[in-house]
Amino acid sequence: MSVDAEKTILALPEVESCRIIHRDGELDQIYVSARIPSQHPGERLQFIKSLVRSVVGALALEHGWNIDYRKVKIVDSLEAPASDKQRVRETRIRIVAAYIRYTSEPEVRVELALNESIYTGQARYDASNPTASATSAFLDAFHQMGIGEVIPIFAYEIPGCLSHGNLVITKVRYKFGDHATDLLGIAESHQDLILCTVRACLDALNRKVALYWLDNSCPAEPDRILTE
């Protein structure tokens, strides 16, 4: 069945290869290698989104699969040699995915992107405290970047009212070298508490964190990490 599904994906424009991965009898990830016909960040993002929709739609139409789009990962097959690549300073951490993976032991998975790299964190899902689970998975991914240590202090969900939806407020302690700073972040939930918690964590860090660039230098005044 997976072989037929892979053939369906390979028939899509610009797709060069793909691999469907199952775990514990369930579809886990779909990796698609494609020629992304632009180096402009905005155009690349639009192409990737369009291709993800095409993969999900083709599998639904041809095989009746109902796929969560977050399980489709697009990889650029046109990688230039390392010597030809410019040193690009990424100014934001992007949220690639934040979701609950239901298996025999449900877990929260968070995927963050920085400098063309994807960092995946995971934590056991506690239904009685989903914000803590999401925060733990976020920190697991964030610490892989090597741009400082973050210690969670609290994460609260505030019920919605007429003026706003449900809110998540987080407080974390960011440590960089000998310096430590307590930071607050907030995000409004749109019926996705896990994603909202991750946004709140990044909102806190966005106010202070300084990034190490490829040359391991750090600006005198910390740059903001922009989130989306």
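How would you rank ILE48, ILE153, ILE194, going from fewest to most other Cβ atoms within 10 Å of each one's own Cβ?
Details: ILE48 18, ILE153 14, ILE194 24.
Placing the least packed residue first, the sequence is ILE153, ILE48, ILE194.
The charge dipole of region 2-78, taken about the Cα centre with unit charges on the Cβ atoms of Lys, Arg (+1) and Asp, Glu (-1), comes to about 220 debye, rounded to the nearest 20.
Which order do ARG109, ARG101 fall in if you start with the one that has the fewest other Cβ atoms within 10 Å?
In increasing order of surrounding Cβ atoms, one gets ARG101, ARG109.
Remark: the Cα gyration tensor places region 2-78 in the prolate category, a/c being 1.5 or greater and a/b exceeding b/c. Of all DSSP beta bridges confined to region 4-77, the antiparallel ones make up roughly 60%.
Cβ crowding within 10 Å ranks VAL15, VAL55, VAL110 as VAL15, VAL55, VAL110, fewest other Cβ atoms first.
Every read-out reported here was derived from the displayed coordinates using simple, explicitly stated rules and does not represent laboratory data. What you see is a predicted model, and the numbers here were worked out from it, not measured in a lab. Cβ: placed from backbone, ideal geometry, glycine included. Neighbour counts: every protein chain shown.
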